Amino acid sequence: MPEEEKKKSNNKEKSRTLQPEHFDIVARSVNDFFHYPPVRGFLQTIDEFFNQPFPRTAFHIDLKETVDEYIITAELPGVEKEQIQIGIFSNRAVISIENREELAETDEAAGNFRRRLTKKLDSRSISFPKPIIEHKAKASCRDGLLTIRLPKDKGKQLKIDS
């Protein structure tokens, strides 16, 4: 009887021990899981995110203050002046850049037409401690450098009567 018990325990150990072919099956299953839809598309999206996690939404801006005005300079290389919108408010300026891309593909043999339009809006808002004179603001754009001059509203000084 002890001999039979040994055989049974050996069979149990063999059934519990993974054979090399079991590892191959598990590895193939895991590989298939990550390389076929829907997981594959999801993983590609994650890869794209980590390649560029924070798309360029902020462009560099310098703000200088003089006695009479605020001067904003924005570095916008490759941006045409038609893509720039500037909003001026009593104590704030907003600079927006609109990028549009259109991709059209035609396969006449298969009778397919595909069109993709991408629109991206980047903007920055600059607040000022003192109000500005909106109607006297001026802007210029040369060689990728946007310059905005905003005169300060000094208000009216009151004299105290005696």
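Scan the range 49-82 for residues that are of a type in the set (S, T, N, Q) and modelled with pLDDT of 90 or more and jot them down.
Residues satisfying the conditions are Thr66, Thr73.
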Residue tally, condition within 23 Å of Thr66 (Cα to Cα), out of contact with any strand residue (DSSP E or B) (no Cβ under 8 Å at 6 or more places or on another chain) and of a type in the set (D, E, K, R), over the range 94-152
1
List pairs: first in the range 139-162 and over 21 Å from Glu82 (Cα atoms), second in a strand (DSSP E or B) and of a type in the set (A, V, I, L, M, F, W, C), Cβ under 7 Å, 6+ apart or cross-chain?
Pro151/Ile132; Lys152/Ile132; Asp153/Ile132
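The values are calculated or read from the model by the stated rules, or taken from the named source; none is laboratory data. Because the structure is a prediction, the values reported are computed rather than measured. Heads up, the Cβs are rebuilt from the backbone with ideal geometry, glycines too, and the neighbour counts pull from every protein chain shown.
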